[in-house]
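Worksheet: one structure, shown below.
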Amino acid sequence: MTQKVDLLFTNALVLTMDKNLNQYDPGAVAVKGDLIVVAGPEAELKKEYDASEIVDCGGKVLMPGLVNAHTHVPMTLLRGLADDLRLDVWLLGYMLPVEREFVSPDFVRLGTLLACAEQIRTGITTFNDMYYFEKDVAQATSDAGLRAVCGQTVMKFPTPDAIAFEDSLAMAREFIQGWKDHPLIIPAVAPHAPSSCTPEILRATSDLAKEFDVPLHIHIAETSYEVETMRKENGIPVVPYVKKQGILEAKVIAAHCVHIDTGEMRTLLHAGAGVSHNPSSNLKLASGFAPVQKMLDAGLNVGIGTDGPASNNDLDMFEEVRLASFVAKASSNDPTVVPAVTALLMATRMGAQALHLGHLTGSVEAGKRADLILVDISSTHNSPRFRRDPNNAYAQLVFASKSTDVSDVMVNGKWLMRDHSLLTLNEEELVAQSYDIAKKIDAFLIAREQSVLSKLIALGGSMEEESFEVQVKAKIAEPDLIVRALMRPEIEITAFKHYRQYDDYFSFDDPSQGHLRFREDDLINDKGEVVNVRSRLTLLGRKREGKIGQDVLLSRSRFLAPAAHTLRFYREYFKPKEDISITKDRQRWHIRYKDTEFFVNLDRTEQPEMGHFLEIKSRTWSRNDAERKARMVNELLALLGAADSETVTQDYIEAIQK
Ligand SMILES: [Zn+2]
C-alpha cells in the first residue's frame with residue numbers, strides 16, 4: 001500500500017539536521033500540505049509514497065531553511081546610510097533622527113518586502129524581527145510567504161509609532177491578539193534593551209508575553225559599555241537585572257549576549273531563554289566577541305542572526321554561519337570550536353529552538369512544517385566533493401557555499417523561489433521604490449548636514465535662548481586688583497562660586513556656523529573638592545546684534561542643550577574642523593550694581609596658558625534693557641580698573657588659537 005502525498009523530492013543529498021544528524025544520499029522527502037511527511041533513502045520512499053508531483057533535485061542539498069535569529073528587517077531601507085561610526089553616533093546621530101522622520105507603515109512594508117526578497121534568495125525561511133509598526137511587518141512577511149517572529153518594539157523614548165510606551169504596549173497587545181494563531185507569523189513583544197526601557201516597561205512586557213504565551217525579544221549585553229553602566233547604576237550585571245524585572249519569566253529571545261559570564265549563561269538556561277549570536281554586527285560595530293562555545297557548552301540554544309541590514313549590511317545567513325564558526329575559532333585561539341556542523345545546526349534546528357519554534361521548523365523531520373531549501377554544491381567554488389565523512393557536506397555548506405547557490409525555497413509547503421526566480425515578490429519594483437526613499441533620505445540629511453544648528457536640533461533636547469546677552473571679556477594683568485575692586489561700596493556681592501571648567505570649542509569650515517562649545521563645569525567647595533559636575537553644549541552664533549562702547553556685545557543666537565553624551569560622541573558626530581580645548585579656573589561673583597544683576601567671572605586660563613580674563617555679563621529680554629545694561633557694563637569695567645585692558649569679547653577663540 002502506498003501513501004498519497006503532494007510532493008516527493010528525489011535525487012537529493014538530504015541533510016535533515018535532526019537529532020541524529022541523519023543524512024540520506026540519494027535521499028527523498030515527502031510533503032503533504034504544509035507538513036513534512038517523511039525523510040529517508042530515495043529507494044524506500046519511492047516505493048512507499050505516491051506523489052502528485054515529483055521534484056528531481058538534481059543531486060543538490062535538500063535541507064531545512066535557515067533561521068535568521070535576530071534582525072530589524074525594515075532597515076533594508078537604511079542600508080549603507082551611515083557606516084564606520086561608533087554605535088552611539090550611528091544610532092543617536094543618524095538612525096533615530098532618520099527613523100523619526102521617515103518610518104511609517106508604508107516604509108515598514110516596503111523595507112520588509114525588500115528584506116523578504118533578499119532573505120528568500122539567501123535560503124532564510126524564518127526570521128526573528130524587532131521594529132516599529134510590527135503589524136505591518138507581519139502583514140508584508142505573510143504576503144511574501146515567510147515565517148517570522150515579529151516583535152513590536154517598546155521603549156522609554158518616543159518612537160516612530162508611539163509617543164509614550166503605554167501606546168506601544170497597547171499596540172503590542174492588539175497586534176498579538178490579532179495575529180496569535182497565524183500559520184506563518186508568531187507575534188511577539190520586544191522591549192528594546194534594558195538600558196532603553198524602564199523597570200516598569202520590562203515588567204509590563206514580560207506580563208504581556210506570559211499572558212499570551214508569545215516570545216519576548218530583547219537586546220542583552222551587546223556592548224561592554226552597557227554592562228559597565230548597568231554595574232555602576234544597579235550594582236549587578238545585565239542578566240540578573242532583567243531577571244529581577246521579571247523578563248526571564250517569559251519565553252525570551254536574547255539578542256547578542258556578547259558580554260555575559262557563565263553565571264548569566266546558567267540563569268538564561270534555567271529560564272529556557274534562547275540566544276541570537278550576530279557575528280557580522282558584533283564585528284562591524286566592534287562590540288566584542290560573544291562567548292559562543294561557552295554558551296553552547298552551558299547547554300543554551302544559540303541561533304545565528306544577521307541583525308538589522310543597517311549594521312551588517314546584508315541579510316546573508318551563509319556569510320553569518322561562516323563567520324560564527326570563524327570568529328569563535330579566532331577569538332578562542334582554538335580551530336576545533338564551533339565546527340561546520342555546529343554552525344549549521346545553530347542556523348537551523350538550534351536557531352528554531354532559540355526562537356521557541358523548535359516544534360515547527362528547523363529540521364527535515366516528519367511532522368514539521370515544510371520549510372525547505374535546495375543548495376547547489378557542484379559549482380566551481382565548491383568542487384570537488386568528498387563523501388568519506390558525513391562532515392564533508394557540512395564543511396562544504398559552511399566554508400565554501402555562497403548564498404547565491406540557493407536555488408529553490410519552500411515555506412510552509414509553498415514555493416517562494418524556483419530555480420532562482422522569486423514567485424511571491426516583484427523584486428524590480430521593490431528595488432526601484434527603495435531608490436526613491438533613499439533619494440528623500442539623502443535630501444533630508446544633506447539639508448541637515450549643512451548647518452551645525454540643525455545637526456544639534458536633530459539630537460533633540462536643545463532649546464533656543466531668546467534672551468539678549470550683554471557681555472565683555474578683557475585680558476587682565478593683575479587679577480588681585482579686580483578682586484579688591486569688587487569690594488567697592490557701589491558693588492554688592494550676592495553670591496560667589498568657584499569652578500574648574502573644561503571647554504572644547506569646535507570650529508567649522510564655514511565660520512558663519514559659529515562655534516559649538518562643550519563645557520564641563522566642576523563646582524569646587526572651599527576645601528577644593530569637586531561637589532558637582534555638569535555638562536552643557538552651547539552653539540555660539542557669530543551673528544551679533546551690536547557693539548556698544550568698549551567692545552560690549554549684544555548677542556542673541558545661542559542654542560543650549562544639556563550635553564547628554566560624551567565629548568567623544570560630539571566630536572565624532574559634528575566632525576569639527578578644529579577642536580580647541582581650554583581648561584580654566586573660574587571665580588564667579590553674582591553682583592548687584594545700581595539695582596541690576598551682573599555676573600563677574602575671573603578666569604585663570606591654564607591650558608593653554610593664557611593668563612587672566614575678566615568677563616562681565618548679564619542677560620535680558622528686551623533690546624532697550626540690553627542697551628542700558630551694556631552701558632552699565634562699560635561703567636563696571638571702569639569701576640574694576642579694567643577700562644584700559646585689551647578686550648577680546650569678539651575674538652576670544654581666535655585669541656586662543658593664536
Ligand atoms: Zn538588533
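The values are calculated or read from the model by the stated rules, or taken from the named source; none is laboratory data. Keep in mind it's a predicted model, so treat the numbers as computed, not measured. Positions of Cβ are generated from backbone atoms using ideal geometry, with glycine treated the same way; all protein chains shown enter the neighbour counts. Just so you know, the surface numbers come from the protein's heavy atoms only, side chains and all, with ligands and any DNA or RNA stripped out. Shrake-Rupley method; radii C 1.70, N 1.55, O 1.52, S 1.80 Å.
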Going through region 415-453 in order, the residues found to be more than 30 Å from SER512 (Cβ to Cβ) and of a type in the set (Ser, Thr, Tyr) are SER421, THR424, SER434, TYR435
Among the residues of region 355-384, the number that are open to solvent by 60 Å² or more (accessible area, probe 1.4 Å), assigned to a loop (DSSP other than H, G, I, E, B) and either closer than 25 Å to LEU422 by Cβ or in contact with a helix residue (DSSP H, G or I) (Cβ under 7 Å, 6 or more places away or on another chain) (or both) is 1
Pairing a residue in region 295-314 that is farther than 16 Å from CYS150 by Cβ and open to solvent by 30 Å² or more (accessible area, probe 1.4 Å) with any residue that is within 13 Å of the ligand (Cβ to nearest atom) and in a loop (DSSP other than H, G, I, E, B), where Cβ atoms lie under 8 Å and the two sit 6 or more apart in sequence or on different chains, gives ASP314/THR306
If we take region 192-278, then helices (runs of 4 or more DSSP H) inside it with 1 or more residues that are touching a residue at least 60 places away in the same chain (Cβ under 8 Å) and more than 16 Å from the ligand (Cβ to nearest atom) are 224-234
Over region 495-520, the set of residues more than 22 Å from VAL533 (Cα to Cα) and either in a helix (DSSP H, G or I) or of a type in the set (Lys, Arg) (or both) is PRO511, SER512, GLN513
Checked GLU478, GLU520 against criteria (modelled with pLDDT of 90 or more and crowded, with 16+ Cβ neighbours inside 10 Å); the one match is GLU520
Okay, helices (runs of 4 or more DSSP H) sitting entirely in region 62-145 with 2 or more residues that are touching a Cys at 6+ places or on another chain (Cβ under 9 Å) and within 16 Å of the ligand (Cβ to nearest atom), I get 134-144
Just to be sure, is ALA286 assigned to a loop (DSSP other than H, G, I, E, B) and either of a type in the set (A, V, I, L, M, F, W, C) or open to solvent by less than 20 Å² (accessible area, probe 1.4 Å) (or both)? yes
query: Given the structure, is ASN333 open to solvent by 30 Å² or more (accessible area, probe 1.4 Å), under 20 Å from ALA28 (Cα atoms) and free of Cβ contacts under 8 Å to residues at least 12 places away in the same chain?
result: no
Within region 209-245, residues being in contact with a Leu (Cβ under 7 Å, 6 or more places away or on another chain) and either open to solvent by less than 10 Å² (accessible area, probe 1.4 Å) or modelled with pLDDT under 95 (or both) number 5
Expected output for region 34-45 (first residue charged (D, E, K, R), partner assigned to a loop (DSSP other than H, G, I, E, B), Cβ below 9 Å, 6+ apart or cross-chain) is ASP34/PRO183; ASP34/ALA370; ASP34/ASN412; ASP34/GLY413
Subset of region 318-364, residues over 20 Å from ASP129 (Cα atoms), of a type in the set (Asp, Glu) and in contact with a Pro (Cβ under 9 Å, 6 or more places away or on another chain), comes to none
